[in-house]
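Novice: The structure is given below, and queries will be raised subsequently.
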Amino acid sequence: MKSEHDKTMPCPCQSGKQYEVCCQPFHLGKKPDTALQLMRSRFAAYALCMPDYIIHTTHPSSPQFCHDAKEWAQKISEFSSHTEFKGLEILGFQENGSFATVTFVAHLIQDKKDVSFTEKSYFEKVKGKWLYRSG
Ligand SMILES: [Zn+2]
């Protein structure tokens with residue numbers, strides 16, 4: 001995992017907390033208790049270009065799941081390096097047993113253009129671990 005990131009920097013998920021007490025523990029292997037924590041830590045992982053974290057938290061039956069992990073990691077890295085991650089706004093969060101949804105706005109800039117989008121993401125808890133299923 002990337003250890004060169006400044007732990008005291010503001011967390012890229014825009015929680016207002018420091019990275020070290022927000023998403024870093026998840027990036028280092030702690031399991032998120034809620035799908036919302038997973039959502040935030042995935043956003044932060046995109047912002048910090050950590051494709052492995054995205055891959056390991058994606059449900060195998062997700063449409064985004066790619067069996068060629070190397071190619072997938074490459075795609076994520078390209079997306080991360082061409083995108084400025086301006087912020088994450090959580091609009092709604094519902095958890096029901098092993099299923100959860102998070103509705104959010106991701107504020108993104110690509111080539112000076114605003115490519116922000118709103119999405120309702122579905123999450124499923126598998127063997128005690130929250131995974132991203134689909135958007
Ligand atoms: Zn965070």
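Any read-out appearing in this document is the output of simple, stated calculations on the displayed coordinates, not a laboratory observation. Remember, predicted model here, so these are calculated numbers, not experimental data. Cβ coordinates were reconstructed from backbone atoms using ideal geometry, including for glycine residues, and neighbour counts include every protein chain displayed.
Novice: Which one, Ile76, Ile55, Ile109, has the greatest fluctuation when you compute a Gaussian network model over the chain with C-alpha springs under 10 angstrom?
Specialist: Ile109
Novice: May I ask you to evaluate 6.51 cos²θ - 1.76 cosθ + 1.60, the Karplus curve with θ = phi - 60°, for each residue of the stretch 73-86 and list the ³J(HN,Hα) values in order in whole Hz, giving x for glycine and proline?
Specialist: Residue by residue, the stretch 73-86 yields 4, 4, 4, 5, 4, 5, 4, 4, 7, 9, 10, 9, 9, 7 Hz.
Novice: Using the Cα centre of the chain as the reference point, and only Cβ charges (+1 on K/R, -1 on D/E), how large is the resulting charge dipole? Debye, rounded to the nearest 20.
Specialist: Result for the chain is approximately 320 debye, rounded to the nearest 20.
Novice: Taking the DSSP beta bridges in the stretch 19-134 as the whole, what percent of them are antiparallel, to the nearest 5?
Specialist: 95 percent
Novice: Under 8 Å for C-alpha pairs, at least 6 residues apart: give me the relative contact order for the chain, rounded to a whole percent.
Specialist: Once divided by the residue count of the chain, the mean separation gives 21 percent.
Novice: Quick one: order Lys112, Lys31 by neighbouring beta-carbon count within 10 Å, fewest to most.
Specialist: Ranked by crowding around the Cβ, least crowded first: Lys112, Lys31.
Novice: Next question. So for the pair Lys112, Asp6, with labels modelled 7 Å out along Cα→Cβ, what separation do we get in nm?
Specialist: Result: 2.7 nm between the two label points.
Novice: Through the Karplus equation 6.51 cos²θ - 1.76 cosθ + 1.60, θ set to phi - 60°, convert the phi angles of the stretch 122-127 into ³J(HN,Hα) values in whole Hz; use x for Gly and Pro.
Specialist: Computed from phi, the couplings for the stretch 122-127 are 9, 10, 9, 8, 10, 6 Hz.
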